Amino acid sequence: MEALIVVDVQCDFCPGGALAVPEGDAVLAPINRLAEHYPYVIATRDWHPPDHGSFAPHGGPWPVHCVRETPGAQLHPDLDRGQIDAVLDKGRAPDREGYSAFEDTGLARMLRERGVDTVHVAGLALDVCVKATALAATRAGFEVVLHRDATRGVEPGDAERAVAELRSAGVSVVD
Ligand code: VGL
Ligand code: ZN
């Protein structure tokens, strides 16, 4: 049984957003196509409290982004919601990074309960939450496939390093 995890395809990570990923919206068309092929599709949202520790005003590395309930935290309007079976919010604790979709969410259990053994990963951003999610999935014992054309990185160099790191962790990379 296979599942697709669509990581953080939110307004703040797309052009015009608070933490825009270059070409972030280029993932929409491939993701909408991919979603047709998998029986179980989970979309994650980065869903931070206003005082999240990853925010620069609170000593973190990132500009304020994806504050829960705000417009920037919404899934991109062009993401085909009809194909999404569940939406999972992460990064909700102020003092926890929450990069991985598996951190404090119950996702591994949700997947196992449905008999999922292979996890396909796409979305934003390749070098941050997509990477953390794919690595956590391998650690949790799933087969993991990264869809390279359906993800983009915040920093181009970091994105290629992330792909290499994922490959050496046993993740399959397909286009
Ligand atoms: C992300 C930076 C901060 C991501 C989330 O979704 O990749 N990046 N929070
Ligand atoms: Zn975040």
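The values are calculated or read from the model by the stated rules, or taken from the named source; none is laboratory data. Computed from a predicted structure; not experimentally measured. Cβ coordinates were reconstructed from backbone atoms using ideal geometry, including for glycine residues, and neighbour counts include every protein chain displayed. In case anyone asks, the SASA skips ligands and DNA or RNA and just uses the protein heavy atoms, side chains included. Shrake-Rupley method; radii C 1.70, N 1.55, O 1.52, S 1.80 Å.
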Looking at segment 65-88 only, could you name the residues that are within 12 Å of ligand 1 (Cβ to nearest atom) and either open to solvent by 70 Å² or more (accessible area, probe 1.4 Å) or touching a Ser or Thr at 6+ places or on another chain (Cβ under 9 Å) (or both)? His65
Does segment 97-124 hold any residues that are within 16 Å of ligand 2 (Cβ to nearest atom), open to solvent by 10 Å² or more (accessible area, probe 1.4 Å) and at pLDDT 95 or above, and which are they? Tyr99, Ser100, Phe102, Glu103, Thr105
The correct count of residues that are of a type in the set (Lys, Arg) and under 11 Å from the mean Cα position of the chain (by Cα) in segment 105-135 is 1
Cβ-Cβ under 6 Å pairs, at least 6 apart or on other chains, segment 7-25 side of a type in the set (Asp, Glu), far side open to solvent by less than 10 Å² (accessible area, probe 1.4 Å) and more than 9 Å from ligand 1 (Cβ to nearest atom): Asp25/Cys14
Answer with yes or no whether Arg92 is more than 16 Å from ligand 1 (Cβ to nearest atom), out of contact with any helix residue (DSSP H, G or I) (no Cβ under 6 Å at 6 or more places or on another chain) and under 18 Å from Thr44 (Cβ atoms). no
Close pairs (6 angstrom Cβ cut-off, 6 or more residues apart or separate chains): closer than 25 Å to Phe13 by Cβ and free of Cβ contacts under 8 Å to residues at least 40 places away in the same chain in segment 113-124, open to solvent by less than 10 Å² (accessible area, probe 1.4 Å) and of a type in the set (Gly, Ala, Ser) anywhere: none
Answer from His37, His65 - the residue that is more than 13 Å from the chain's Cα centre (by Cα) and within 13 Å of ligand 2 (Cβ to nearest atom): His65
Looking at segment 156-175, which of its residues are polar (S, T, N, Q) and not in a helix (DSSP H, G or I)? Ser172
Of all residues in segment 38-57 being free of Cβ contacts under 8 Å to residues at least 24 places away in the same chain and over 18 Å from Val154 (Cα atoms), the one that is least open to solvent (accessible area, probe 1.4 Å): Pro50
Condition check: open to solvent by 60 Å² or more (accessible area, probe 1.4 Å), among the small types (Gly, Ala, Ser), within 15 Å of ligand 1 (Cβ to nearest atom) and farther than 16 Å from Trp47 by Cβ. Does Gly141 satisfy that? no
Take the residues in segment 1-26 that are under 18 Å from Gln83 (Cα atoms), of a type outside the set (Val, Ile, Thr) and open to solvent by less than 20 Å² (accessible area, probe 1.4 Å); name whichever of them is farthest from ligand 1 (Cβ to nearest atom). Ala3
